[in-house]
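**Q** Here it is, the structure, as structure tokens.
The values are calculated or read from the model by the stated rules, or taken from the named source; none is laboratory data. Because the structure is a prediction, the values reported are computed rather than measured. Quick reminder, even Gly has a Cβ in these numbers, built from the backbone with ideal geometry, and neighbours come from all protein chains shown. Heads up: the accessible areas ignore ligands, DNA and RNA and are worked out on the full protein's heavy atoms, side chains in. Shrake-Rupley method; radii C 1.70, N 1.55, O 1.52, S 1.80 Å.
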Amino acid sequence: MPCPVPHGSPAAVVLDPYVTDLRAERETLHAAGPLTRVELPGGVSAWSVTHHEEARALLTDPRLVKDIAHWADFQEGRIPRTWPLLSTIPPTPTNLLGTDGAEHRRLRLLTAKAFSARRVERLRPRVEEITRGLLDSLESRADAPLDLKAEFAFKLPMSVIGELYGVPEDEHGVLRDLYVKFFSSVTAPEEFLETYATLERYYDDMIAAKRANPGDDLTTELLDTGEDGDSLSDLEVRGTLQVVVAAGHETTVNLLCNAVRALLAHPDQFESVRKGEVGWDAVVEETLRFDPPTSNFIFRFATEDVEVGGVVIAKGEALMTSYGAIGLDRAEHGEDPRPDTFDLTRAQGRHMSFGYGPHVCPGAPLARMEGRIALPMLFERFPDLRLAVPDEELGHHPSIVVNSLKELPVLLRP
């Protein structure tokens, strides 16, 4: 299709919407950085930050904001409203992903307390109980190939976030299928618009149902919440639900799948974990760095010209954060072991795969806890678990945003 936006640079890195070689694309982005032009699906042009130090600076720079009103290409009609990745950019500043400054702090105060360290820790027994129940349900199929993503990695975090916000279990599969289309880079325009509208209707209906019949859940709490007389509008509640339900399961699904894949691909390191020489915290953190749940996060928009290392992000231009490329930064993570390798003994550097600055993911403590509980329980129950297909046959969903395997076929008891 013809590109609606001028590329601005002949050296732009063209991102593959079908994600046929994610690792090579990360390397290309990092090598082109720390700030490089990228071409997204549909010919949409943006900048991408791909190095750690520059990302820290830009993610805390108040001149870069989340409000789409500052994106010149969109406001001037060069981005079609059917562009699939618009699904990840709030059309109005009514949730945590679309606001900045005082308004962002207000929404975060009213919503993020659900993910405080104390509240998350109180969920530990329930997360363990759900994990145990899911593993029990797999016993009868342990000797045949099954999709660990669909049967375990998805069901655990979706059950947790569903219970927190009052999403009925029989609707989890519907939301899963909608979010696959929601995050896809190749969803057809008509299907994109239908998916987006369906999700909005779903959460509007959920809000109406909770208002009519309040429950012991966080959706009801959002409707009742207030701080010094403040409260959330229905649009703000809907926007919050769209963000927390999506991120509350997708991030952990990908963390669990990517950790299992990495451990099975590195048996010597996995043996160190089994012997207790390396902890499961290290598994979670190294997976988050090496193979983060989110490949690229879009967008921030420049409210004025912003110079980074001699490169200028012009007023009105968009900036993408490439977490997969940032995790490869030798200046942050050292040369030995190299950042392009999975190494549980890594001691240098800290990843930023949950974001950085004001927009750091509020659900990070919950995702970490779920990973630290589910992974050891999975391998304690099924210590001989292995892939049912060669690793190179594993494919990714066609999304430049989320780092999501299509499926994870395994044999639990070969």
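**Q** Using each residue's phi in region 51-56, evaluate 6.51 cos²θ - 1.76 cosθ + 1.60 at θ = phi - 60° and report the 3J(HN,Hα) Karplus result to the nearest Hz, with x for Gly and Pro.
**A** Residue by residue, region 51-56 yields 10, 5, 4, 5, 5, 4 Hz.
**Q** Let me ask something additional. Starting from region 164-233, pick out the chymotrypsin sites (Phe, Trp or Tyr not before Pro) whose DSSP state is loop and whose Cβ has at most 11 other Cβ atoms within 10 Å.
**A** For chymotrypsin sites (Phe, Trp or Tyr not before Pro) across region 164-233 that sit outside H, G, I, E and B with at most 11 neighbouring Cβ atoms in 10 Å, the list is empty.
**Q** Then there's this: For region 270-289 and region 25-80, what is the separation of their Cα centres, given in Å?
**A** 33
**Q** How big is the shadow of the Cα convex hull of region 253-386, averaged over all directions, in nm²?
**A** With the hull built on Cα positions only, its mean projection is 9.2 nm².
**Q** Could you work out how far the C-alpha centroid of region 181-225 sits from that of region 117-142, in angstrom?
**A** Distance between centres, Cα-based: 26 Å.
**Q** What trypsin sites (Lys or Arg not before Pro) in region 325-356 are in a loop by DSSP, with at most 13 other Cβ atoms within 10 Å of the Cβ?
**A** Loop-located and lightly packed - Arg350.
**Q** So what is the relative contact order of the chain, in percent, for Cα pairs below 8 Å that sit 6 or more residues apart?
**A** The value is 26 percent.
**Q** Let me ask something additional. Return one whole number: the accessible area per residue of the chain in Å², for a 1.4 Å probe. Numbers along the way, then the final one.
**A** Values: 17610 Å² over 414 residues.
Accessible surface, normalised per residue, equals 43 Å².
**Q** Plugging the Kirkwood radius over Cα pairs into Stokes-Einstein for region 54-134, at a temperature of 4 °C and a viscosity of 1.567 mPa s, what D comes out in µm²/s?
**A** Calculated translational D: 82 µm²/s.
**Q** Comparing Asp230, Asp67, Asp391, which has the greatest mean-square fluctuation in the GNM of the chain with Cα pairs linked when under 10 Å apart?
**A** Its mean-square fluctuation being the largest, the pick is Asp230.
**Q** Go ahead and run the numbers for FRET between Asp143 and Tyr18, Cβ-Cβ distance against an R0 of 35 Å, rounding to 0.05.
**A** 0.55
**Q** Of Ala367, Ala117, Ala32, which has the largest mean-square fluctuation in a 10 Å C-alpha GNM of the chain?
**A** Ala117
**Q** If you roll a 1.4 angstrom probe over the protein chains with everything in place, what fraction of the accessible area of the chain belongs to carbon and sulfur, to the nearest %?
**A** Answer for the chain: carbon and sulfur cover 51 percent of the accessible area.
**Q** Between (1) 57, 56, 40; (2) 65, 59, 44; (3) 61, 46, 33, which matches Cα extents along the principal axes in Å calculated for the structure shown?
**A** (1)
**Q** For region 248-318, which GluC sites (Glu not before Pro) are in a loop by DSSP, counting at most 13 other Cβ atoms within 10 Å?
**A** Glu277, Glu304
**Q** Eigenvalues of the Cα gyration tensor times 5, then square-rooted: what semi-axes does that give for region 13-75, in whole angstrom, largest first? Don't jump to the answer; show the numbers that get you there.
**A** Details: eigenvalues 95, 62, 14 Å².
Rounded to whole Å, the semi-axes are 22, 18, 8.
**Q** Still on this structure, please answer the following. Would you list Asp305, Asp329 from the most to the least accessible area, probe 1.4 Å?
**A** So the residues, ranked largest to smallest area, are Asp305, Asp329.
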